[in-house]
1. Could you tell me how many of the residues in the stretch 223-237 are in a loop (DSSP other than H, G, I, E, B) and either without any contact (Cβ under 8 Å) to a residue 60 or more places away in the chain or more than 24 Å from Pro144 (Cβ to Cβ) (or both)?
2. Of all residues in the stretch 248-265, how many are near the ligand (Cβ under 9 Å from one of its atoms) and assigned to a loop (DSSP other than H, G, I, E, B)?
3. Residues in the stretch 341-363: is at least one part of a helix (DSSP H, G or I), touching a residue at least 40 places away in the same chain (Cβ under 8 Å) and closer than 28 Å to Tyr136 by Cα?
4. Please enumerate the residues belonging to the stretch 282-297 that are surrounded by 24 or more Cβ atoms within 10 Å (Cβ to Cβ), not hydrophobic (A, V, I, L, M, F, W, C) and not in a loop (DSSP other than H, G, I, E, B).
5. Just to verify a result, which residue in the stretch 163-178, among those that are free of Cβ contacts under 8 Å to residues at least 40 places away in the same chain and within 11 Å of the ligand (Cβ to nearest atom), is nearest to Leu275 (Cα to Cα)?
6. Out of Ala138, Ala91, which single residue is over 23 Å from the mean Cα position of the chain (by Cα) and at pLDDT 95 or above?
7. Contact list please: Cβ distance under 7 Å, first residue in the stretch 371-391 and in the same structural domain as Ser257 (by TED's automatic domain parsing) and open to solvent by less than 20 Å² (accessible area, probe 1.4 Å), second residue assigned to a loop (DSSP other than H, G, I, E, B) and at pLDDT below 95, pairs at least six apart or on different chains.
Amino acid sequence: MDRGGAWVNGGRAALDFNPSRWPLAGMDSLDAFAGDKLAALEAGALRRRLTGTTRAEGATASRDGRTLISFSCNDYLGLSHHPRVVAAAQAALAGHGAGAGGSRLVTGNHPVLTALEARLAAHKGTEAALVFGSGYLANLGITPALAGKGDLVVLDELSHACMWAGAKLSGARILTFRHNDVADLAAQLAASRADHPRVLVLTERVFSMDGDRAPMEDILAVARDFDAWTLVDDAHGIGIVEDGPRAPLEMGTLSKSLGSYGGYLCASQAVIDLLTCRARSFVYTTGLPPASAAAALEALAILEEEPERCARPLMLARRFTTRLGLPEAESAVVPVIVGDAQTALALSAKLEAAGFLVVAIRPPTVPAGTARLRIAFSAAHSESQVDALAAAVARFRAG
Ligand SMILES: *Cc1c(COP(=O)(O)O)cnc(C)c1O
């Protein structure tokens with residue numbers, strides 16, 4: 001809604017501004033607070049703005065009337081616009097309506113959600129699964145349902161914001177281990193395990209902003225030695241890099257490779273049954289719309305039917321890192337770290353002028369001094385698009 005208090009619908013103001021309904025008296029301090037905070041962000045090149053973007057088939061995105069090749073979407077398999085995925089969502093929408101109508105524990109548990117859970121569990125090889133409203137909501141609910149005051153959560157220092165949020169919400173003691181450093185994890189557990197009845201270890205299979213992979217086998221072995229439970233965030237792994245052992249708690253999102261929206265946890269039946277009762281971000285929120293679940297279910301079927309599609313993002317990422325002489329890509333995500341936020345923004349602007357959408361990632365999403373281009377490869381990209389991007393990045397980085 002704009003400051004005039006009216007929203008625009010089809011180019012017409014749908015509601016006239018009536019000051020008596022938007023009393024602004026006494027809010028000067030609030031606006032001053034927001035203004036000061038924004039000025040500080042602006043000064044550090046850290047202010048963020050929304051840019052209207054429409055996405056279409058073939059990894060394209062349009063902004064201000066220009067169509068760009070997008071290397072910033074997490075639609076790694078190009079499934080968000082796949083005709084089968086779209087048709088599944090449309091059929092669910094037409095048959096079951098737009099919204100779930102209630103919490104899943106009340107009336108929001110449409111059978112398509114149960115079918116999706118069965119398929120996710122089968123895909124991950126676990127007994128059961130639970131679908132949440134989003135990946136963020138899943139992580140907000142999982143950790144607090146399993147750990148509380150007096151318990152311990154040990155996370156990789158580069159863990160996603162929502163893993164941190166879940167850990168903080170739990171009230172447990174929080175420790176971090178150095179990124180992907182299993183010896184450091186073991187040292188922390190050796191020093192602290194005995195002081196806490198329950199311990200969770202949190203990491204990501206593929207790190208969202210660095211594209212590197214966790215040493216899952218070693219992490220799981222250390223955690224098992226200390227009777228700590230491992231929660232792995234597989235947001236960027238499913239469909240892209242799936243080899244290696246499973247954690248007892250595997251969460252992820254339906255919004256990246258699966259091209260839809262929603263989150264999930266795959267685990268044992270006992271854990272899923274407990275989470276169904278105790279994960280507050282599951283119990284006290286509306287169920288996922290049936291259309292989102294139907295889209296994800298169809299996407300999962302395509303993912304399992306088409307291994308060539310799944311192999312493509314990593315193949316293209318490696319083509320890119322080879323061309324630029326960067327460390328070999330380990331996933332569909334490749335960071336080009338440039339340092340300060342201003343430089344990252346300038347590089348992104350040059351690429352946009354050249355027809356590529358590559359969004360700059362700045363603190364606090366990444367640590368200070370590591371602002372970067374985060375390049376995401378998709379099965380929908382062509383080899384020649386990747387080569388053109390590599391040439392442009394090389395040219396602009398050289399000055
Ligand atoms: C995107 C992401 C999430 C959140 O998933 P949403 O479904 O978008 O809320 C969680 N963890 C990681 C690592 C992510 O990259």
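1. Selection size over the stretch 223-237: 3.
2. Residues that pass the stated criteria total 5.
3. Within the stretch 341-363, one or more residues are part of a helix (DSSP H, G or I), touching a residue at least 40 places away in the same chain (Cβ under 8 Å) and closer than 28 Å to Tyr136 by Cα.
4. Pro290, Ser292
5. In this case the residue turns out to be Gly166.
6. The unique qualifying residue is Ala91.
7. none
Yes or no, residue by residue, for (1) farther than 19 Å from Ala299 by Cβ; (2) within 14 Å of the ligand (Cβ to nearest atom); (3) among the small types (Gly, Ala, Ser); (4) touching a Ser or Thr at 6+ places or on another chain (Cβ under 9 Å):
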| position | (1), (2), (3), (4) |
| --- | --- |
| Thr107 | yes, no, no, no |
| Ala128 | yes, no, yes, yes |
| Tyr136 | yes, yes, no, yes |
| Asn180 | yes, no, no, yes |
| Val201 | yes, no, no, yes |
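The values are calculated or read from the model by the stated rules, or taken from the named source; none is laboratory data. Source: prediction; values computed, not measured. Heads up, the Cβs are rebuilt from the backbone with ideal geometry, glycines too, and the neighbour counts pull from every protein chain shown. Note: accessible area is taken over every heavy atom of the protein model, side chains too, but ligands, DNA and RNA are not part of it. Shrake-Rupley method; radii C 1.70, N 1.55, O 1.52, S 1.80 Å.
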